[in-house]
1. Counting each pair of different Cα atoms once, what's the Kirkwood radius of the chain in Å, rounded to one decimal?
2. Could you pull out the pairs from LYS67/LYS119; LYS100/LYS169; LYS96/LYS169; LYS90/LYS175 whose alpha carbons sit more than 21 Å apart here?
3. Order of ARG122, ARG185, ARG65 from fewest to most other C-beta atoms within 10 Å?
4. Averaging sequence separations of C-alpha pairs under 8 Å and six or more residues apart, then dividing by the length of region 3-184, give the relative contact order as a whole percent.
5. At a Cα cut-off below 17 Å, give the aspartates and glutamates reachable from LYS101, other chains included and same-chain residues fewer than 8 away excluded.
6. Quick one: order VAL168, VAL181 by neighbouring beta-carbon count within 10 Å, fewest to most.
7. Among the lysines, which have Cα under 24 Å from the Cα of LYS45 when same-chain residues fewer than 8 positions away are ignored?
8. With r defined as the distance between the Cβ atoms of ASP52 and ASP144 and R0 fixed at 22 Å, what FRET efficiency is calculated, to the nearest 0.05?
Amino acid sequence: MDFKSVLDLILDTDDVTVGGGSASALAGAKACGLIGMVCKLSTKKDFGIDADKQLEYAKELEEIRDKLLKGVVEDANAYGVIRDAYKLPKETDEEKEARKKAIANAGVVGATSPMNNAKLCRRVYEIGNELNGNTNPNCQSDLDIGIELAKIGTNGCILNIEANLPLVKDEEKIKEFNESVETLRIN
């Protein structure tokens, strides 16, 4: 599935293919755009962070944005892996066992995508906070909105990690996901 298709599905209330994980990654990507714009509008004068550093942040945010846009698609595809695992036959004991394993593996896929996106969104949130009070004051509302979108993106991705955890049976993976959730969550 490509980004345009995923974006259309995020906006389609009749389609359940794309959900909160993709929407959360998209919120993080939009945060990158807003905060990066603020950086670029803060280079003509020193507001506390010099122009070169503002441009470094803007470049990093552009790179994160591109990763998050790919993450929107990856999250939608991860849902497909889960959906397909549940569609596997379950008539014989062998089929039931294969389906059970496929669902557990799909749970790992389903939790990994939002975990990766949450890490990216969390970095955007951190950059926004580092810039707060050190950018063009005429752009403060844009910076504030970018920070809030990064927070929503992070916490929304965490909700998707937690939603997929009951499918995961590998204790090491469960521990890894739970540790990530604790370090990434923004209160």
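Just so it is clear, none of the values below were taken in a lab; they were calculated from the coordinates. This is a predicted model, so every value here is computed, not measured. So basically every Cβ, Gly included, is an ideal-geometry build from the backbone, and we count neighbours across all protein chains shown.
1. Over the chain, the inverse of the mean reciprocal pair distance is 17.4 Å.
2. Working: LYS67/LYS119 11 Å; LYS100/LYS169 10 Å; LYS96/LYS169 15 Å; LYS90/LYS175 29 Å.
Checking Cα-Cα distances, LYS90/LYS175 exceed 21 Å.
3. Values: ARG122 23, ARG185 13, ARG65 20.
Lowest count first: ARG185, ARG65, ARG122.
4. Dividing the mean separation by the residue count of region 3-184 yields 32 percent.
5. Straight-line reach from LYS101, under 17 Å: ASP84, GLU91, ASP93, ASP170, GLU171, GLU172.
6. On the way: VAL168 23, VAL181 19.
So the ranking, lowest neighbour count to highest, is VAL181, VAL168.
7. List returned: LYS53, LYS59.
8. After rounding, the FRET efficiency stands at 0.35.
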